[in-house]
Each structure stands twice: as C-alpha cells, then as structure tokens.
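Visitor: First the structure, which I've put down as structure tokens, then a few questions once you've had a look.
Taken together, the values in this text are just the output of simple stated rules run on the coordinates, not laboratory data. Here the structure is a predicted model, which is why all the values come from computation and not from measurement. Note that each Cβ is placed from the backbone with ideal geometry, even for glycine, and that neighbours are counted across all protein chains shown.
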Amino acid sequence: MPHRALGPFSVSAVGYGASILSLPEGPQRTPEEAIATVHAALDAGITLIDTADVYAPSWDTVGHNERLIAEALGSWSGDASRVVVATKGGLVRTMDGRWSRNGSYRHLRSAVEASLTNLGRDVIDVYQWHRPDRWQVFADVIESFKILQMEGLIRAVGLSNVISDEIEIAIELLGPNGLASVQNQFSPTYRCSFPELELCRENKVAFLSWSPLGGAATARQLASEVPPFATVAERHGVSPARVAVAWALAQGEHVIPLVGASRPETIRDSAAGAELELTEEDLEMLGGHTDQRIPSRSSAS
Ligand SMILES: NC(=O)c1ccc[n+]([C@@H]2O[C@H](COP(=O)([O-])OP(=O)(O)OC[C@H]3O[C@@H](n4cnc5c(N)ncnc54)[C@H](OP(=O)(O)O)[C@@H]3O)[C@@H](O)[C@H]2O)c1
C-alpha cells in the first residue's frame, strides 16, 4: 500500500471510514463482523481510520464507533501503534434524533476528553472539526483547536465540511504546516469540492474525501449511475468501486479517500484501488474534478 502525507503522519493512500459500523441507517453488523471488517482493512495495509464521537446508533451511545475502533485495534495481531486514528468533534446528537452543532470551547474540550477515553489514548492523532457551527466565529473555534493542541490533547488539526474561505482562515491562524487535513465530500457523483481540493493541493494540506463511492446507496449501483466507471472497470477486470478509489487518488498526491465498508471483502477490494494504475485514456473517460455536481442519493453525516 503506497503512503501519503497527513500532517506529521505518513498514512496509507486509502483510509478506512468506520461510520457505517455504528450509524442507525447502516447494515447493522454484529460486533464480531464489524471487528472482522476493521481487521481486514488493517490487514490490507490501511493505516488511517476515520471515526467521530457522533458515529453511534443513538444519542445516548455517542462514542460507540470510537470504542469499536479501540477494541478492533486492541485485538488486531499487527502493530496497532502504526495506525493513525482521526476522529471528529463539534457535532452533537439530540434526544429527538437530530444532529446539531456545537463549536464552543467548553463542548470541544469535554468532547476531546471523552474521545480520548473512548479511544484508550493519551493524545488524539488527528482531531477534526466535524462541521462549522455558524453560531460561532470561525476564527475563535480555530483558536480553541490551537489551545487543545498546546495542551497536548490533540496532535494534528483537521477540518471537515468547509469552504475555501474557512480553509484560508485556518491556514493563516494555524501557521505553516498547522492545518493537517480537510475532509469534504468528493466522489464520482459529487465533484463540486474542486475549489477546496485545489486549495489543499496549493497549501500541502491532505484532502480526505468522504463517501468516495458516493455513499452506500450509490456504491451499490456506481456502474449504472456513472457508466464510464463500469467501462474502465471492465477494461481492467476490476470492480467499479476499485476504479473510483484509483480515480480519487489520481486527483492529486494529497488526496486520501476514506472508504466505508461493513464487510471484509469490500474493504479488501477497495484498498486494492491504491495499486490500480489508470491510464490517461481511462482518466479522460472518467472525467476530472469539475465544478459540476452530479446528483446522487447519498446523504451527509
Ligand atoms: N465528515 C463528514 O461529514 C462525513 C460524512 C460522511 C462520511 N464521512 C466519512 O466517509 C466515510 C465513508 O463514507 P460512506 O460509508 O458514507 O460512503 P462510501 O465509502 O462512499 O460507501 C460505503 C459503501 O460502499 C460499499 N463498498 C465499499 N467498497 C466496496 C467495493 N469494493 N465494492 C462494492 N461496494 C463497496 C460498502 O458496502 P458494504 O457495506 O457492503 O461493505 C458501503 O455500503 C465514513 O465512514 C466517514 O469516515 C464523513
């Protein structure tokens, strides 16, 4: 598995996004099946796992996904110390089932402490602001992340679901190499994060593409939703999902797709996308990162 830079870390070019193992709309795998999937990701050479405190079946099980990752890393036969875990804070789940935002220092501080406990770690490798809280001044929240970093609770700072102006503010406030990553939606069916992807390239910030297969519903029918992916997959004798992973990686050395999977066979297949070399002809057929948003049924979390 080739590696790419993520702030101070070198991680596998393909990351594993674990949310599908905890969210209520997911396929509801047993804990054994879930852990087998994480182990398969690690065995395939993946050394970056993306999680979040709010990835949980319900409001009162927040931390579920982080605890699952800790358990999977603890029971894995390989060297878990080489695995970078990126988690997120700044979203909350309410009793009535809604997702809300809280970017206050008070909330982030207690969320970090809870994530450290859930993950069984002394420091969080990459702590990402899950989604900007429009009730807060953006720069103030970045200052809160700086404090968390100075306190030694988090190693690297990441942002998620942000626009170019916000990335620029964070880069200015955090200083050279201060912003490790931006995690935005980007897939064959959702290409409008092009400006943020480009800005990250210019500033040597890792761009973590979320739902890189378009989310669970789209992933099942990628071939029919975006037919060129089926054509190129046939050319290479591989799955359209594997082509989607290779296509994401081809967008730049700073792009790291975070593939979600709830089965060992699917994460193994997608991880192999890191080894798939697409030709110029393939890439021309698949199209680049354009400003055009191709409608999909995937939902954001
Ligand atoms: N920051 C944010 O706001 C945000 C929002 C959404 C997602 N994310 C991140 O992105 C990660 C991935 O997102 P996602 O799970 O929504 O979407 P995704 O990775 O685009 O799609 C996941 C689906 O792809 C299927 N799949 C994976 N590899 C496959 C293969 N080789 N062949 C066929 N199907 C394959 C999986 O099927 P099986 O279940 O059958 O394995 C699963 O249903 C999340 O875990 C999270 O880390 C972040």
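Visitor: For N203 and H3, FRET efficiency with R0 = 22 Å and r from the beta-carbon atoms, rounded to 0.05?
Guide: After rounding, the FRET efficiency stands at 0.65.
Visitor: Just grab the label-to-label distance for D165 and D43, each label 7 Å out from Cα along the Cβ direction, in nm (one decimal).
Guide: About 4.9 nm, to one decimal.
Visitor: Within region 15-68, report the GluC sites (Glu not before Pro) that DSSP leaves as loop and that have at most 14 other Cβ atoms within 10 Å.
Guide: Those satisfying the criteria are E25.
Visitor: Could I ask something else about it? With a 10 Å Cβ neighbour count serving as the proxy for reagent exposure, in which order, fewest first, do I154, I142, I256 appear?
Guide: Least crowded to most crowded, the residues run I142, I154, I256.
Visitor: On a 0 to 90° scale, report how tilted helix 227-236 is relative to the longest principal axis of the chain, with both axes built from alpha carbons and the result rounded to the nearest 10.
Guide: Relative to the chain, helix 227-236 is tipped by roughly 70 degrees.
Visitor: With N set to the residue count of region 1-151, report its C-alpha Rg divided by 2.2 N^0.38 Å to two decimal places.
Guide: My calculation over the Cα atoms of region 1-151 gives 1.04.
Visitor: A further question follows. Could you calculate the contour length gain from S100 to A80, that is, 0.36 nm times the residue separation minus the distance between their Cα atoms, to one decimal place in nm?
Guide: Stretched fully, the S100-A80 segment lengthens by 3.9 nm.
Visitor: Grab the Cα-Cα distance for A114 and S224, subtract it from 0.36 nm times how many residues apart they are, and report the gain in nm with one decimal.
Guide: Result: 35.4 nm gained on full extension.
Visitor: Between rounded, prolate and oblate, where does region 63-113 land on the alpha carbon gyration tensor, with a ≥ b ≥ c its root eigenvalues, rounded for a/c under 1.5, else prolate if a/b exceeds b/c?
Guide: Here region 63-113 falls in the prolate category.
Visitor: Given the Cα atoms of region 1-85, and with Rh set as the inverse mean 1/r over their pairs in the Kirkwood sense, what is Rg to Rh to two decimals?
Guide: Here Rg/Rh amounts to 0.97.
Visitor: Same structure, new question: Loop only per DSSP, at most 10 neighbouring Cβ atoms within 10 Å: give me the chymotrypsin sites (Phe, Trp or Tyr not before Pro) in region 116-204, ordered by residue number.
Guide: Taking region 116-204 and a limit of 10 other Cβ atoms within 10 Å, the loop chymotrypsin sites (Phe, Trp or Tyr not before Pro) found are W135.
Visitor: Using only Cα atoms, find the angle between the long axis of helix 31-43 and the longest principal axis of the chain, and express it within 0 to 90 degrees, rounded to the nearest 10.
Guide: With rounding to tens, the tilt is 70 degrees.
Visitor: Moving on to the next point. Suppose each label sits 7 Å from its Cα in the direction of the beta carbon; what would the S58-R263 distance come out to in nanometres?
Guide: Spacing of the two 7 Å Cα→Cβ label points: 2.9 nm.
Visitor: On full extension of the chain, what length is gained from T231 through L283, given 0.36 nm per residue of separation minus the C-alpha to C-alpha distance?
Guide: Length difference between fully extended and current span is 17.6 nm.
Visitor: Out of region 30-107, which trypsin sites (Lys or Arg not before Pro) are coil in DSSP terms and have no more than 15 other C-beta atoms within 10 Å?
Guide: Filter output for region 30-107: R98.
Visitor: Would you mind ranking V243, V38 so that the residue whose beta carbon has the fewest other beta carbons within 10 Å leads the list?
Guide: Result, fewest neighbours first: V38, V243.
Visitor: What would the Debye equation give as log₁₀ I(q)/I(0) for the chain at q = 0.13, 0.14, 0.15 Å⁻¹, counting only Cα atoms as equal point scatterers?
Guide: Relative scattering, expressed as log10 I(q)/I(0), comes to -0.86, -1.01, -1.18.
Visitor: May I ask you to evaluate 6.51 cos²θ - 1.76 cosθ + 1.60, the Karplus curve with θ = phi - 60°, for each residue of region 193-200 and list the ³J(HN,Hα) values in order in whole Hz, giving x for glycine and proline?
Guide: Those phi angles translate into 8, 3, x, 6, 4, 5, 4, 5 Hz.
Visitor: Give the calculated FRET efficiency between A217 and E151 to the nearest 0.05, with a Förster radius of 51 Å applied to their Cβ-Cβ distance.
Guide: Efficiency at R0 = 51 Å is approximately 0.80.
Visitor: Also: Report, in degrees rounded to the nearest 10, the 0 to 90 angle that the Cα long axis of helix 64-75 makes with the longest principal axis of the chain.
Guide: 70
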